[in-house]
Amino acid sequence: MKLKALLLFLMLSFIGYSQPSEESAAEKIESLKKGFLLVRLKTGDLQAKALERAGSKTEAALYLQKRNEENKVIVQAFTKDFRFCPVFFCYSSASDTIKRGYFKGILLNSSLQPDTSIVPTSSYFLTVEFGFTDVQQREGLIMMDRNFNQLKSPFPFLVTRYEGVAKKRTQEEMIIKLDQQLITFYEKK
């Protein structure tokens, strides 16, 4: 009998126990407005090393040059077209350091060079990068939390590469669309 009572007590304790709720979409957008967005840029190092191992040093160099040019376009577009909150840039290779909340020497200047003078004024940030969604593998500009976990609806977490069936958005168009989505969501909260 005592065992049954103990089991009943434990079951009721677990049922009554609730984990703290995850930050709501409204809280996220409010915090982001006061915080900053961290754009992860791809280095292309792994692909270049694979090309070099395959004996294609020239192709590896061309690939890295192309990746660098794409990163500069992304930085210019965010600098020119994104207004919702401050934006900083880092390479994806710094992900583990970023997860620990350490930014000194990791954040990049407009020339894509690490710059120790760049220091965020807030500790709250979300991340964004061009890539593919977790589940449906849709290509686009994807919003993530500080641990690089993809955000979910109702937060505006994705701008798809394709608008409709045939129109392919440029990176700049996706950045402008993300800015508009965040502003609209913030104003509705």
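Here are the numbers for this structure:
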{"read-out": "Of 89, 125, 155, the one that fluctuates the most in a GNM where the chain has Cα springs shorter than 10 Å", "value": "155"}
{"read-out": "Beta bridges by DSSP in the chain, antiparallel share as percent, to the nearest 5", "value": "60 percent"}
{"read-out": "Enclosed volume per residue, in Å³, of the convex hull spanned by Cα atoms of the stretch 22-110", "value": "124 Å³"}
{"read-out": "Other-chain or far-sequence residues with amide H under 5 Å of residue 144's (modelled H)", "value": "127, 128, 151"}
{"read-out": "Estimated FRET transfer efficiency when R0 is 22 angstrom, pair residue 57-residue 113 (beta carbons, to 0.05)", "value": "0.35"}
{"read-out": "Ordering of 78-85, 110-117 by packing [mean C-beta count within 10 Å, highest first]", "value": "78-85, 110-117"}
{"read-out": "Potential lengthening between residue 64 and residue 134 on full extension [0.36 nm per residue; Cα-Cα distance subtracted]", "value": "22.6 nm"}
{"read-out": "Gaussian network model of the chain, springs between alpha carbon atoms under 10 Å - residue of 172, 23, 70 with greatest fluctuation", "value": "23"}
{"read-out": "Above-threshold pairs, the threshold being 26 Å between Cα atoms, out of 34/152; 28/99; 57/99; 42/152; 152/188", "value": "57/99"}
{"read-out": "Relative contact order (%) - the chain, alpha-carbon pairs under 8 angstrom, separation at least six", "value": "22 percent"}
{"read-out": "Value in Å of the Kirkwood radius, where the chain supplies the Cα pairs that are averaged", "value": "18.9 Å"}
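Laboratory data are not the source of any read-out in this text; all were calculated from the coordinates shown. Small disclaimer: the values here were computed from a predicted structure and weren't measured. Cβ coordinates were reconstructed from backbone atoms using ideal geometry, including for glycine residues, and neighbour counts include every protein chain displayed.
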